[in-house]
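K.L.:
If you scroll down you'll find the structure; I have some questions about it.
Values in this text are rule-based calculations from the coordinates and carry no lab data. What you see is a predicted model, and the numbers here were worked out from it, not measured in a lab. Note that we place each Cβ from the backbone using ideal geometry, even for glycine, and neighbour counts take in every protein chain shown.
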Amino acid sequence: FTSDDVVLTDANGTLGTLTSNANRTVWTATFTPTANVNDTTNTISVNLTGLTDDAGNAGVGNASSANYTVNTRPADTTGPTATITLADSALTVGETTTVTIRFNEPVT
């Protein structure tokens, strides 16, 4: 079992060196989340097909963690702001114009 067997595609972070207990049944590593991420659908997986037990039996499939949250974005303590522009700022009777509202961050 090596770090090559660990799948971090949906992890939003990196894994440090893997170490095992004496029986090689429990492995641990330090997880470091990626900066500036806010995601609640993260998982860490192990590709079991790359593993064998002491009897030579190969693993099958994958094992995956439950979803966990990574929120490493700086604290947001201010509300959104907006800039509003009109394509035409001098309208007469019967004319229309496009109004564009641009926010400084995603809004709902």
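K.L.:
Tell me, what ³J(HN,Hα) does each residue in segment 51-58 have, in order and in whole Hz, if you take phi through Karplus 6.51 cos²θ - 1.76 cosθ + 1.60 with θ = phi - 60° and put x for Gly and Pro?
P.N.:
Going residue by residue, I get 10, 9, 8, 5, 8, x, 6, 7 Hz, with x marking Gly and Pro.
K.L.:
Going by how many other beta carbons lie within 10 Å of each one, how would you line up Asp76, Asp10, Asp5, fewest first? Could you put the intermediate results ahead of the total?
P.N.:
Working: Asp76 9, Asp10 14, Asp5 17.
Listing Asp76, Asp10, Asp5 from fewest to most nearby Cβ atoms yields Asp76, Asp10, Asp5.
K.L.:
Please list the non-local residues whose amide H lies under 5 Å from the amide H of Val7, H modeled 1.01 Å from N, same-chain partners needing a gap of 5 or more.
P.N.:
Long-range HN contacts for Val7: Ser45, Val46, Asn47.
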